[in-house]
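This report refers to the structure that appears directly beneath it.
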Amino acid sequence: MINASQKKKCLFSLSYIALFFTLSCTKDIKYEFDTVVINTTDFEQCEYEQCPEVHIETLALLQPPTLKTVVDTALARYYHDLLTIQGQAVPSLRQDVQAYLNNAQTAYPEDSILSETHELEITTLPSFYNNDILSLQTFTYEYAGGAHGYSKLYYHHFDVATALPLSPLDLIKDVPAFTAFAKAYIAQKNAQNQAQQSELPKFGNQKFILPEVIGLTGEGVHLYYQLFEINDFQQQPAEVIIPWELAQDYLRF
């Protein structure tokens, strides 16, 4: 007959064994990517016509298969919006680039200085991933005339468990608390590095806001303010990375 003390020990042992079995059977998610590269030289028309200099380096997700459809769909839609004019329907990335080249060639004469110096570079890379989340970073640079080119940064986030895309605010457990924390962190960084880090966000007397672009990287949480996102006088993108050890308590993942 098992007495109360023995029963308690037995239940504890069974619970410990079950916990050990669960932990030992939990496998890390395996991520595998294939690189997709498209250049101007891939298009026959550019052998005898002046084309913009285009370089695209993106990825196709191979593993885990549960995320493949949602990742492929999100990237295809994003690249399509970047490369084509609204209303153009094309079924592949290569044809998106073809449409971009055609649109650029009709925008100005082939022998103009602009057509010779026009360039576009888009790169997508994984910025962070674990068993819970996958984050991809896409950087875009385009020069199509004028004094300066235009750059843009964007992050895609995906929930591994649900295989659904996440918005930047979906990453955060308590948005008001994180907003207050980020405001204080940026103010402290500005006070410490006024001369050294001119790219830090500077709000002055304006109301603090989180940026539209929030990313996860190996270093921490990336807050990236696009041109003019803070105010009309912002002359360049502003950014800061909050280290993991400071930000992790505010995150859902």
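Values in this text are rule-based calculations from the coordinates and carry no lab data. Keep in mind that what you see is a predicted model, and the values were worked out from it rather than measured. Cβ placement follows ideal geometry from the backbone for every residue including glycine, while neighbour counts extend to all protein chains displayed.
Could you calculate the contour length gain from R94 to K207, that is, 0.36 nm times the residue separation minus the distance between their Cα atoms, to one decimal place in nm?
On the way: separation 113, 0.36 × 113 = 40.68 nm, distance 4.29 nm.
My answer for the length gained is 36.4 nm.
Rounded, prolate or oblate: which fits segment 121-199 when a ≥ b ≥ c are the square roots of the eigenvalues of the alpha-carbon gyration tensor, with rounded for a/c under 1.5 and prolate only if a/b beats b/c? Write out the running numbers ahead of the final one.
Numbers: a/c = 2.53, a/b = 1.09, b/c = 2.32.
The shape class here is oblate.
At 0.36 nm per residue, minus the direct Cα-Cα distance, what do K30 and L246 gain on full extension? Give it in nm, one decimal, please. Write down the numbers at each step before the final one.
Numbers: separation 216, 0.36 × 216 = 77.76 nm, distance 2.72 nm.
Net length gain for the segment: 75.0 nm.
What list of ³J(HN,Hα) values in whole Hz, one per residue of segment 132-137 in order, does the Karplus curve 6.51 cos²θ - 1.76 cosθ + 1.60 (θ = phi - 60°) give from phi, with Gly and Pro shown as x?
3J(HN,Hα) across segment 132-137, in whole Hz: 10, 8, 10, 10, 10, 10.
For A147 paired with L62, estimate the spin-label separation in nm (one decimal), with each label point 7 Å from Cα along the Cα-to-Cβ line.
Distance between the two pseudo-spin positions: 4.7 nm.
What FRET efficiency would be calculated for the residue pair Y48, L164, taking the C-beta separation as r and a Förster radius of 45 Å, to the nearest 0.05?
Working: r = 46 Å, r/R0 = 1.02.
Computed FRET efficiency for Y48 and L164: 0.45.
Return the tail of the calculated pair distribution for segment 170-250, meaning the percent of Cα-Cα pairs more than 18 Å apart. Walk me through the numbers before you get to the answer.
Values: 1227 of 3240 pairs.
When every Cα pair of segment 170-250 is considered, 38 percent fall beyond 18 Å.
Give me the aspartates and glutamates in straight-line cross-link reach of K189: C-alpha distance below 18 Å, same-chain residues under 8 apart excluded.
The qualifying aspartates and glutamates are E199, E219, E239, E245.
Please report E32, E119 as a ranked list, fewest other C-beta atoms within 10 angstrom at the top and most at the bottom.
On the way: E32 10, E119 15.
Placing the least packed residue first, the sequence is E32, E119.
Could you tell me which residue out of P165, T124, V71 lies farthest along the dipole of segment 32-166 toward its positive end? Charges go on the beta carbon: Lys and Arg +1, Asp and Glu -1, centred on the Cα centre.
Projecting each Cα onto the dipole axis, the largest value belongs to P165.
Determine which aspartates and glutamates satisfy two conditions relative to K27: a Cα distance under 14 Å, and not lying fewer than 8 residues away in the same chain.
List returned: D132.
Let me make sure I get this right: for segment 55-194, a, b and c are the square roots of the gyration tensor eigenvalues over alpha carbons, sorted descending. Under 1.5 in a/c it's rounded, otherwise prolate if a/b > b/c, else oblate. Which is it?
Details: a/c = 2.81, a/b = 1.36, b/c = 2.07.
Because a/c hits 1.5 or more and a/b fails to exceed b/c, segment 55-194 counts as oblate.
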